[in-house]
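A.B. asks: Mind having a look at this structure? Questions to follow.
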Amino acid sequence: MKKLYFFLLFVLFYSQVKATHLAAGSIYYEYLSPLTYKVHLLLYRDCKIISVGLPANAMLAGTDMLSISSMTCGQSFTINVDTTGNNTAKVVPDMCPSIINWCNDPLSTFPGYEEWHYSAVVTLPMSCDDWVFGYNSCCRNGAIGNLANPLSLGYFISAKLNTLTSSGNFNNSTQYIVGNGFNYLANQPYTINQTAIDPDGDSLVFSLTSPQNSNGSGPCPYLSTGGYSATDPLGTPTATNYANIDPLTGNLHFESALQSVDVIAINIDEYRNGILVGSTMRDLQFNFINGSPNSLPTLSGVNSTSNYYASVNVCPGATLNFTAAGSDVDLADSVIITPLTSLMGSSTFSTNNALQQTGTFSWTPTIADIRPNPYFLVLQAKDNNCHSVSYGYLIYINQCTADSVWAGDANADFTVNNYDVLNIGIGNGTTGIVRPGATTNWVAEYCTNWSSNFMSGINYKHADCNGDGSIDALDMNPVSLNYGQIHLKKENIGQYKTAGLPDLYFDLTGIIVTPGSTIQVPVMLGTGSAMMNNVYGLAGHFSVSNSLSAPLSFSNSPSWLGNVTNSFLFQKNINSNDIAFTIVRSNQTNVNGSGQIGTLTIPIDITAIPNSDLALYFSDLKMIMNDGSEITDYNVINDTLKIVSPNDVTSIYSSNNIELYPNPVNDYLTVKLNAMTTETISVSIADMLGNIVLQKEIKLNGEKEFKLNTAMLSKGTYSLQLISSAESYSAKLTK
């Protein structure tokens, strides 16, 4: 039903737009022999428009024309390109490919686009550093909203070539590997990867550029109002209106606050040994439309971080493993992850069976795979409502350097994360050799061993993350800077028991969650009857379900484990619902204790749905003593709160001795005892006629609150009575 709703709205919008002419295009070329290249032209048009878009001779004879020029060499000529050997008029599925569009059926109401692929072989007359392959068309779509007078503007795309490089006088241009999309929902944040394969392994730089007017005579003029420009093609950036591209990964992030038709142009420069050897541009028309409120899926960076770069230091048997987690705030939606690029070498990609999948990439590269420029992996995340996004990941393969220091990898486990802060806490105050040429960049650096090793056998020099010759709080900065970087992962974390005492848990006593509220949840470790002994530090992740208005935050005030004078606190937001944390002492002294070790602050979004669950989780935990040895004798308890409507939260007191919430109640009622001292009480609930509808005996076992399941009660007003051997209280209850 959501799909039908979406397309009906699309058709209404699209009929008003009356789009004409070309929707997108790009040019790329392949090296065949010295000065001889095969040039490819890709054009996309709306199938509904028969009389415009592609020239008539292209449609009938399957040919078109490219211009070729060099200003420095004084060259200018044209060549015909045709569709021989290519897929002519290939239908490009958009949104839901299972829907019959008007490319397949002229009577369909659903939009569709064709891809026309032309090519020709050309031999250039001489070597020049500014060859331009260009394609020109007369007109642009009159419905375009970010260009001034679009019907008066031409359409020009190009690819450039430098044949005067010192590296063999040849080049293969980049080739886009992710197809064009045209239709997007307004007020939805998209990430669509623009990665292109470069057969020569050149270094690529992605940028937004201006769409070009006829024959490349200059950039098309943007509207003078609204802040439109080449770098802000959707107008003045706001939280819900922006467009930007990662210059390294090609991840294009955008969102439009308006229903509109806009043009975005993307440029890719290729560098070889610091010399610009070529470039390509892509001119894209985006139709932003109204549609289903269903949210888009997302994909995390490497190992659930916001980082989309991974690397492996190639030593014998070195394997790179990382995960990319799919998610969707519409919790009932599935998220399917699929690679859009061919896997490199012997690498593999697999997904789990979760409703919202997590994908795992694994590769054991060889020495032959080492190169300075990265490999590209592009993954698509698609939900069951025809929404999809794509993300690019850069994979660097580095030369093996024995016992190198990597800035931020304080425990030398070949991964930068919050567990490195534990070693910084253990080694705090230790001094040693200053690392020559120290940098916080993610590169291998030589350093002579210090005089001390951690219990694991790792030298203290690794914990001097900034290389200044001293281990201290400043060494947490490179951890934050390089968080998520990988070059060889081998350590497993999170070894703890699953039952018994002492407990690590969330104290949810008296906490009421409503949309738009911010709650502070005490994090507890140990109790008076089951203390934790000889603890030096704890690292792990907190994560929560449901919608948040801002990222999680964590404080170690109050905390028996450590404060600002004797410990380090580190936290890194992986995403708004997941935060990595470390509390580690800095004085080389273990501590015993029980109770609160910190406070987790959770800002609930105003859009959170009443009666939905807010689940709180611990994950990937590691607890240590001051010698670095791991503590495993503790139990981890996750918990869940219920979000209630603000109108449903009425706490009722009787002489300030008891508290009920939520009230009115749906299913579970929490009863908090502020004064009763006995261990056993009798609980009864009666309707307004005095009939007992629920009765039971509760053993408190030292607790001050308990829950009652009221699911079997009909809607109405009831009287709750609590009776012990010494006292009794009553309160009004609404269902």
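The values are calculated or read from the model by the stated rules, or taken from the named source; none is laboratory data. Since the structure is predicted, the reported quantities are computational estimates derived from the model, not experimental observations. Every residue, glycine among them, receives a Cβ derived from its backbone with ideal geometry; neighbour counts consider all protein chains shown. Surface accessibility is based on the protein's heavy atoms, side chains included, excluding ligands, DNA and RNA. Shrake-Rupley method; radii C 1.70, N 1.55, O 1.52, S 1.80 Å.
A.B. asks: Being open to solvent by 30 Å² or more (accessible area, probe 1.4 Å), in contact (Cβ under 8 Å) with a residue 60 or more places away in the chain and polar (S, T, N, Q): is that true of Asn563 here?
C.D. replies: On the way: open to solvent by 30 Å² or more (accessible area, probe 1.4 Å): yes; in contact (Cβ under 8 Å) with a residue 60 or more places away in the chain: no; polar (S, T, N, Q): yes.
No.
A.B. asks: Another question about this same structure. Go through segment 334-357 residue by residue and tally those that are at pLDDT 90 or above, part of a loop (DSSP other than H, G, I, E, B) and open to solvent by less than 40 Å² (accessible area, probe 1.4 Å).
C.D. replies: Within segment 334-357, residues that are at pLDDT 90 or above, part of a loop (DSSP other than H, G, I, E, B) and open to solvent by less than 40 Å² (accessible area, probe 1.4 Å) number 3.
A.B. asks: Might you let me know whether segment 531-542 holds any residue that is open to solvent by less than 30 Å² (accessible area, probe 1.4 Å) and β-branched (Val, Ile, Thr)?
C.D. replies: Yes, segment 531-542 contains at least one residue that is open to solvent by less than 30 Å² (accessible area, probe 1.4 Å) and β-branched (Val, Ile, Thr).
A.B. asks: Mind checking which residues of segment 663-706 are modelled with pLDDT of 75 or more, assigned to a loop (DSSP other than H, G, I, E, B) and of a type in the set (Val, Ile, Thr)?
C.D. replies: Of everything in segment 663-706, just one residue is modelled with pLDDT of 75 or more, assigned to a loop (DSSP other than H, G, I, E, B) and of a type in the set (Val, Ile, Thr), namely Val665.
A.B. asks: Just one of the numbered conditions (1) over 17 Å from the mean Cα position of the chain (by Cα); (2) not in a strand (DSSP E or B) is not true of Asp330; which one?
C.D. replies: It fails just one condition, (1).
A.B. asks: Let me ask you something else. So which pairs qualify, if the first residue must be in segment 189-209 and touching a residue at least 12 places away in the same chain (Cβ under 8 Å), the second must be basic (Lys, Arg) and open to solvent by 10 Å² or more (accessible area, probe 1.4 Å), the Cβ gap must be under 6 Å, and the two must be at least 6 apart or on different chains?
C.D. replies: Pairs found: Gly201/Arg371; Asp202/Arg272.
A.B. asks: So, one more: Examine segment 576-594 for a residue that is under 27 Å from Tyr308 (Cα atoms), surrounded by fewer than 17 Cβ atoms within 10 Å (Cβ to Cβ) and among the small types (Gly, Ala, Ser), and state whether such a residue exists.
C.D. replies: Restricting attention to segment 576-594, the residues satisfying the condition of being under 27 Å from Tyr308 (Cα atoms) are 576-583.
Next, from what is left, pick out any that are surrounded by fewer than 17 Cβ atoms within 10 Å (Cβ to Cβ): 576.
Now narrow it down to the ones that are among the small types (Gly, Ala, Ser): 576.
For segment 576-594, residues under 27 Å from Tyr308 (Cα atoms), surrounded by fewer than 17 Cβ atoms within 10 Å (Cβ to Cβ) and among the small types (Gly, Ala, Ser): present.
A.B. asks: Name the one entry in Ser346, Ser388 that is more than 22 Å from the chain's Cα centre (by Cα) and more than 30 Å from Val535 (Cα to Cα).
C.D. replies: Ser346
A.B. asks: Determine if segment 313-320 includes at least one residue that is open to solvent by 50 Å² or more (accessible area, probe 1.4 Å) and of a type in the set (S, T, N, Q). If you could, list the steps in order and put the result at the bottom.
C.D. replies: Going residue by residue through segment 313-320, those that are open to solvent by 50 Å² or more (accessible area, probe 1.4 Å) are 316-317.
Right, trim to of a type in the set (S, T, N, Q) and you get none.
Looking for residues that are open to solvent by 50 Å² or more (accessible area, probe 1.4 Å) and of a type in the set (S, T, N, Q), one finds none in segment 313-320, hence no.
A.B. asks: If I go through segment 151-165 residue by residue, how many of them are crowded, with 20+ Cβ neighbours inside 10 Å and over 27 Å from Asp269 (Cα atoms)?
C.D. replies: Matching residues across segment 151-165 total 0.
A.B. asks: Basic (Lys, Arg), in contact (Cβ under 8 Å) with a residue 12 or more places away in the chain and closer than 26 Å to Ile486 by Cα: is that true of Arg272 in this structure?
C.D. replies: The answer is yes for Arg272.
A.B. asks: Can you work out which of the residues in segment 624-642 that are closer than 25 Å to Val544 by Cβ and charged (D, E, K, R) is surrounded by the fewest Cβ atoms within 10 Å (Cβ to Cβ)?
C.D. replies: Across segment 624-642, the extreme among qualifying residues is Asp639.
A.B. asks: Has segment 380-393 got any residue that is in contact with a Cys (Cβ under 8 Å, 6 or more places away or on another chain), modelled with pLDDT of 80 or more and closer than 21 Å to Thr249 by Cβ?
C.D. replies: No, there is no match, as no residue in segment 380-393 is in contact with a Cys (Cβ under 8 Å, 6 or more places away or on another chain), modelled with pLDDT of 80 or more and closer than 21 Å to Thr249 by Cβ.
A.B. asks: Okay, next question. Can you tell me how many residues within segment 128-151 are polar (S, T, N, Q) and either in contact with a Cys (Cβ under 8 Å, 6 or more places away or on another chain) or under 14 Å from Ser76 (Cα atoms) (or both)?
C.D. replies: Matching residues across segment 128-151 total 0.
A.B. asks: Of the residues that make up segment 313-323, is at least one part of a loop (DSSP other than H, G, I, E, B) and at pLDDT 85 or above?
C.D. replies: No, every residue in segment 313-323 fails to be part of a loop (DSSP other than H, G, I, E, B) and at pLDDT 85 or above.
A.B. asks: Going residue by residue through segment 51-61, is there one that turns out to be modelled with pLDDT of 65 or more and either of a type outside the set (Gly, Ala, Ser) or under 34 Å from the mean Cα position of the chain (by Cα) (or both)? Give the steps one after another, and end with the answer.
C.D. replies: Let us first name the residues in segment 51-61 that are modelled with pLDDT of 65 or more, namely none.
Looking for residues that are modelled with pLDDT of 65 or more and either of a type outside the set (Gly, Ala, Ser) or under 34 Å from the mean Cα position of the chain (by Cα) (or both), one finds none in segment 51-61, hence no.
A.B. asks: Next question, about the same structure. Identify the residue in segment 399-410 that is crowded, with 20+ Cβ neighbours inside 10 Å and modelled with pLDDT under 90 and, among all such residues, is farthest from Tyr309 (Cα to Cα).
C.D. replies: Val405
A.B. asks: Of (1) at pLDDT 95 or above; (2) under 28 Å from the mean Cα position of the chain (by Cα); (3) not aromatic (Phe, Trp, Tyr), Val584 satisfies all except one. Which?
C.D. replies: (2)
A.B. asks: Now for a separate question. Do we find a residue being touching a Lys or Arg at 6+ places or on another chain (Cβ under 8 Å) and buried (at least 18 other Cβ atoms within 10 Å of the Cβ) anywhere in segment 227-235?
C.D. replies: no
A.B. asks: Run Thr518 past the list (1) at pLDDT 80 or above; (2) under 25 Å from Gly628 (Cβ atoms); (3) open to solvent by 60 Å² or more (accessible area, probe 1.4 Å) and report the number of the one that doesn't hold.
C.D. replies: Of everything listed in (1) at pLDDT 80 or above; (2) under 25 Å from Gly628 (Cβ atoms); (3) open to solvent by 60 Å² or more (accessible area, probe 1.4 Å), Thr518 misses just condition (2).
A.B. asks: Can you report the number of residues in segment 284-299 which are at pLDDT 85 or above, open to solvent by 20 Å² or more (accessible area, probe 1.4 Å) and outside any strand (DSSP E or B)?
C.D. replies: Of the residues in that region, 1 qualify.
A.B. asks: Could you tell me which of the residues Ile493, Ile471 is of a type in the set (Val, Ile, Thr) and either open to solvent by 60 Å² or more (accessible area, probe 1.4 Å) or modelled with pLDDT under 95 (or both)? Outline the logic, then answer.
C.D. replies: Values: Ile471 fails: either open to solvent by 60 Å² or more (accessible area, probe 1.4 Å) or modelled with pLDDT under 95 (or both).
Just one listed residue meets the conditions, Ile493.
A.B. asks: For segment 91-109, enumerate the residues that are at pLDDT 65 or above, of a type in the set (Asp, Glu) and buried (at least 17 other Cβ atoms within 10 Å of the Cβ).
C.D. replies: Matches in segment 91-109: none.
A.B. asks: Restricting the search to segment 420-441, which residues are outside any helix (DSSP H, G or I), under 26 Å from Val314 (Cβ atoms), open to solvent by 10 Å² or more (accessible area, probe 1.4 Å) and not β-branched (Val, Ile, Thr)?
C.D. replies: Pro436, Gly437, Ala438, Asn441
A.B. asks: Under 9 Å between Cβ atoms, at least 6 apart or on separate chains: pull out the pairs that start in segment 577-596 with a residue that is under 17 Å from Met524 (Cβ atoms) and in a loop (DSSP other than H, G, I, E, B) and end on any residue that is open to solvent by 20 Å² or more (accessible area, probe 1.4 Å) and not hydrophobic (A, V, I, L, M, F, W, C).
C.D. replies: Short answer, once both residue conditions are applied: Ser594/Thr527; Ser594/Gly528; Ser594/Ser529.
A.B. asks: Being among the hydroxyl-bearing types (Ser, Thr, Tyr), part of a loop (DSSP other than H, G, I, E, B) and at pLDDT 70 or above is true for just one of Thr72, Thr88, Thr78, Thr84. Which residue is that?
C.D. replies: The conditions single out Thr72.
A.B. asks: Next question. Hey, could you check segment 548-560 for residues that are in a loop (DSSP other than H, G, I, E, B) and open to solvent by 10 Å² or more (accessible area, probe 1.4 Å) and say which is farthest from Asn533 (Cα to Cα)?
C.D. replies: Ser549
A.B. asks: In segment 110-136, which residues are of a type in the set (A, V, I, L, M), closer than 24 Å to Ala24 by Cβ and open to solvent by 30 Å² or more (accessible area, probe 1.4 Å)?
C.D. replies: Residues of segment 110-136 that are of a type in the set (A, V, I, L, M), as a first pass: 120-122, 124, 126, 132.
Still in the list and also closer than 24 Å to Ala24 by Cβ: 120, 122, 132.
Of everything in segment 110-136, just one residue is of a type in the set (A, V, I, L, M), closer than 24 Å to Ala24 by Cβ and open to solvent by 30 Å² or more (accessible area, probe 1.4 Å), namely Val132.
A.B. asks: Look through segment 613-623, keep the residues that are buried (at least 16 other Cβ atoms within 10 Å of the Cβ) and under 24 Å from the mean Cα position of the chain (by Cα), and return whichever of them is farthest from Ser594 (Cα to Cα).
C.D. replies: Step one: filter segment 613-623 for residues buried (at least 16 other Cβ atoms within 10 Å of the Cβ), giving 614, 616-618, 620-623.
Going one step further and asking which of them are under 24 Å from the mean Cα position of the chain (by Cα), we end up with 614, 616-618, 620-621.
Working: Leu614: 26, Leu616: 21, Tyr617: 20, Phe618: 18, Asp620: 21, Leu621: 18 Å.
So, considering only residues that are buried (at least 16 other Cβ atoms within 10 Å of the Cβ) and under 24 Å from the mean Cα position of the chain (by Cα), the one farthest from Ser594 (Cα to Cα) is Leu614.
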